[in-house]
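The values are calculated or read from the model by the stated rules, or taken from the named source; none is laboratory data. Here the structure is a predicted model, which means the values were calculated and not measured. With ideal geometry, Cβ positions are generated from the backbone for all residues, glycine too; neighbour counts draw on all protein chains shown. Heavy atoms of the whole protein, side chains included, go into the accessibility calculation; ligands, DNA and RNA do not. Shrake-Rupley method; radii C 1.70, N 1.55, O 1.52, S 1.80 Å.
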Amino acid sequence: MKKNLIPVFIISLMVTTLSLKAQEVLETGGKKMPAEWIDKDTYHKVVRLSDGLQGNSLSFYFHNIPFIGNEMIFYNNSNQKAADVTDMKKEDAPTTNINNRQIWSINLATKKKTQLTFHQSSMNGEVVSEKTKTIFFQVKDSVFALNLETKKERLVFVFPADFRSNISAVNADGTLLAGSRATDAEKEILKNNPNKSSFFNLIYDAHLPKTLFTINVKTGELKKVFTDNAWLNHLQFSTTNPNLLSFCHEGPWHKVNRIWHIDLITKKITQVHHRTMDMEIWGHEWFGKSGKTMWFDLQQPKGETFFVAGYDVATGKEIKYSLPRNDWSVHYNSNATETLFAGDGGDPGAVAKAPNGQWINLFTPNGDHFDTEKLVNMKHHQYKLEPNVHFSPDGKWIIFRANFEGESQVYGVEIAKSSKKL
């Protein structure tokens, strides 16, 4: 029996060695990368999920959930055949290919990619309902719903001329969409000041009215929910309560009380977290999968002491985990059980001014702080494009977007370490 075990061990060792050789150990970025590799600084496997597609690919903003089962929804702006677009007659189609943003899906198990939309115009909206297996998107003033299983598309709503806006979120049972409607004055500020460094303070200081609204997915009924002379933004529904909507007061974080909840039935509004010191800031909030906790970046004060904090939606009680300056991230996220967290890092120009902060990080709560494991070295990534991390549905990968090869692509990094240094 012992003699038979030796060949099995040798074969297993040979397979492992060949696997490691096939996955090169490389510095991440600064050049064209293979479809998958081992990050030489972390020894975690990185895979280009958008491999094989032309143009730029973008995964969703961190709190916009992109998953329907094991399918992940994302955008790509590859050229498409003009005759394939659905909102023009074939005889009217131009002879050249159209380069615009369309919706794709990728099966995370098989890596099969499928183009889901074929429109003449680019689209907006990172709005996915896992409950109803529906992807919502907007082309100009029209909102559409696409069923992932049937691939059937239908028109949900057309914004009237006197209420032009955009959808931002869908509720937990897939019955309501939500958005915030800006005035023409705010749109004019954005048009004339396209850079965030220019428009951010201008819009905040203007104190223009903004209106939260919902759209009934089935009937198309538009309801105005709440109006305030504040820059209302960052809308997201609770992951479990279909009538709980979160929004923020946008602007310089040290000047605003950022996070708010509104109950769509009672219209009760609740402030999430209260300032305890001068220059305290909090934001980039998201609901955990359980719906019990809203998590957010907390700095007490700004740029000095860093935490990820959790607000208990039912009781208002808070917990917080500290982390060092170099581990601070522009955005964080949590796994399905809210026992692991991830962050997308930040460059030296961000609020933390971290000298070595350009990493995709994994965080494990330990008492009152996070223990950090570095997953991807992002030193070749330009942080004007935010990486925006997501845990894969099976909890084994962190998915993010990056431009360290030049174009924007979608990647996954395996949480389990691939091997020890040789």
Point to revise | Inter-site label distance for Asp312 and Asp173 at 7 Å from Cα along Cβ, in nm | key: 2.7 nm
Check your understanding: Amide H to amide H, which residues 5 or more places from Ala402 or on other chains are under 5 Å from it, using H placed in the peptide plane?
Key -> Gln409, Tyr411
Exercise for review: Treating cross-link reach as a plain straight distance, find the aspartates and glutamates whose alpha-carbon is under 14 Å from the alpha-carbon of Lys133, omitting any fewer than eight places away in the same chain.
Suggested key: Glu71, Glu149, Glu153, Asp173
Revision key, fill the gap. With the label point 7 Å along the Cα-to-beta-carbon line of Ala109 and a cut-off under 20 Å to each amide N, the hits in the range 364-404 are 391-399
Revision key, fill the gap. Computed over the chain, the relative contact order (Cα-Cα under 8 Å, seq sep at least six) in percent reads 14 percent
**Study point:** Extension gain from Arg325 to Glu304, taking 0.36 nm per residue of separation minus the Cα-Cα distance
**Key:** 6.8 nm
Point to revise | Backbone N under 17 Å from the Asn356 label point (7 Å along Cα→Cβ), restricted to the range 295-334 | key: 323-329
Point to revise | Label-zone membership for the range 240-271, site Lys131, 7 angstrom Cα→C-beta point, backbone N under 15 Å | key: 240-246, 264-265
Review point. How would you order 153-165, 221-233, 128-140 from highest to lowest mean count of nearby Cβ atoms within 10 Å?
Key: 128-140, 221-233, 153-165
Practice item. Compute the semi-axes of the equivalent ellipsoid of the chain, taking the square root of 5 times each eigenvalue of the Cα gyration tensor, and list them largest first in whole Å. Key: 36, 29, 21
Study note, to complete from the structure: With all protein chains present, the range 242-286 has a carbon and sulfur share of its accessible area (1.4 Å probe) in percent of 56 percent
Review point. What residues have an amide H closer than 5 Å to that of Phe226, excluding those fewer than 5 places away on the same chain, when H is modeled at 1.01 Å from N in the peptide plane?
Key: Leu212
**Study point:** Spatial separation of Cα centroids for the range 101-174 and the range 264-301, in angstrom
**Key:** 28 Å
Review point. How far is it, in nm, from the label point at Thr339 to the one at Tyr43 when both lie 7 Å from their Cα along the line to the Cβ?
Key: 2.4 nm
Check your understanding: Stretch Ala416-Lys187 to full length: gain in nm at 0.36 nm per residue minus the Cα-Cα span?
Key -> 77.9 nm
Practice item. Go ahead and run the numbers for FRET between Ser142 and Lys196, Cβ-Cβ distance against an R0 of 41 Å, rounding to 0.05. Key: 0.90
Practice item. Provide the per residue accessible area, probe 1.4 Å, for the chain, rounded to a whole number of square angstrom. Key: 47 Å²
Study note, to complete from the structure: Hydrophobic long helices for the chain, i.e. whole DSSP H runs reaching 30 angstrom or more by Cα along the axis with Kyte-Doolittle mean at least 0.5, come out as 2-22
Study note, to complete from the structure: Residues meeting the amide H criterion for Trp397 (H placed from the backbone, H to H distance under 5 Å, 5 or more places apart or on another chain) are Ser392, Ile415
Check your understanding: Got the relative contact order for the range 136-257 handy, in percent, Cα pairs under 8 Å and 6 or more residues apart?
Key -> 21 percent
